Amino acid sequence: MSTFSLLATVTASTKRAPTISGGKRGAAATNLASLSCMPLDPIDPEIRQTLVLKAPAELLQTFVEGGLDIKEGDILVVGSTEYPIRAVGDWTWPMDATATRYLVLEDLKT
């Protein structure tokens, strides 16, 4: 078992909005279910400065298993809370060279 697997203790899913049809976009629907991810943490302040926010939000980060169909614009769902995915990148977990995906999330403040 990899170090990443031991640390990925949060269960999540993703939602994705369907393509536009007839000039309208439908509601986002579950795309991936039962993902294991790292606990959500505040993003590094240096990375935060490079992103321009369009809404009052805190930026969070997490890692999921590599190779999953996750892209910017999807929504990560943890419990009953939805987090828009702002950025996605491939990352090699340094402890044991496990392929993972790095997600930058918005925690929208209302």
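The values are calculated or read from the model by the stated rules, or taken from the named source; none is laboratory data. Predicted model, so just to flag it, every value in this text is computed and none were measured. Every residue, glycine as well, gets a Cβ built from its backbone with ideal geometry; the counts of neighbours run over all protein chains shown.
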**OP:** Return the total of residues in the stretch 62-80 being touching an Asp or Glu at 6+ places or on another chain (Cβ under 9 Å) and modelled with pLDDT of 95 or more.
**Re:** 3
**OP:** Select from the stretch 65-110 the residues that are assigned to a loop (DSSP other than H, G, I, E, B) and either more than 14 Å from Phe4 (Cβ to Cβ) or acidic (Asp, Glu) (or both) and list them in ascending order.
**Re:** Asp69, Ile70, Lys71, Glu72, Gly73, Asp74, Gly79, Ser80, Asp96, Lys109, Thr110
**OP:** Mind telling me which of the residues Pro84, Pro18 ends up being modelled with pLDDT of 85 or more and not basic (Lys, Arg)?
**Re:** Pro84
Original post:
Scanning the stretch 24-58 for residues that are at pLDDT below 90 and in contact with a Leu (Cβ under 8 Å, 6 or more places away or on another chain), which turns out farthest from Leu108 (Cα to Cα)?
Top reply: Ile47
Subject >> Residue that is surrounded by the fewest Cβ atoms within 10 Å (Cβ to Cβ) [pool: residues in the stretch 1-43 that are among the β-branched types (Val, Ile, Thr) and in a strand (DSSP E or B)] >> reply: Thr30
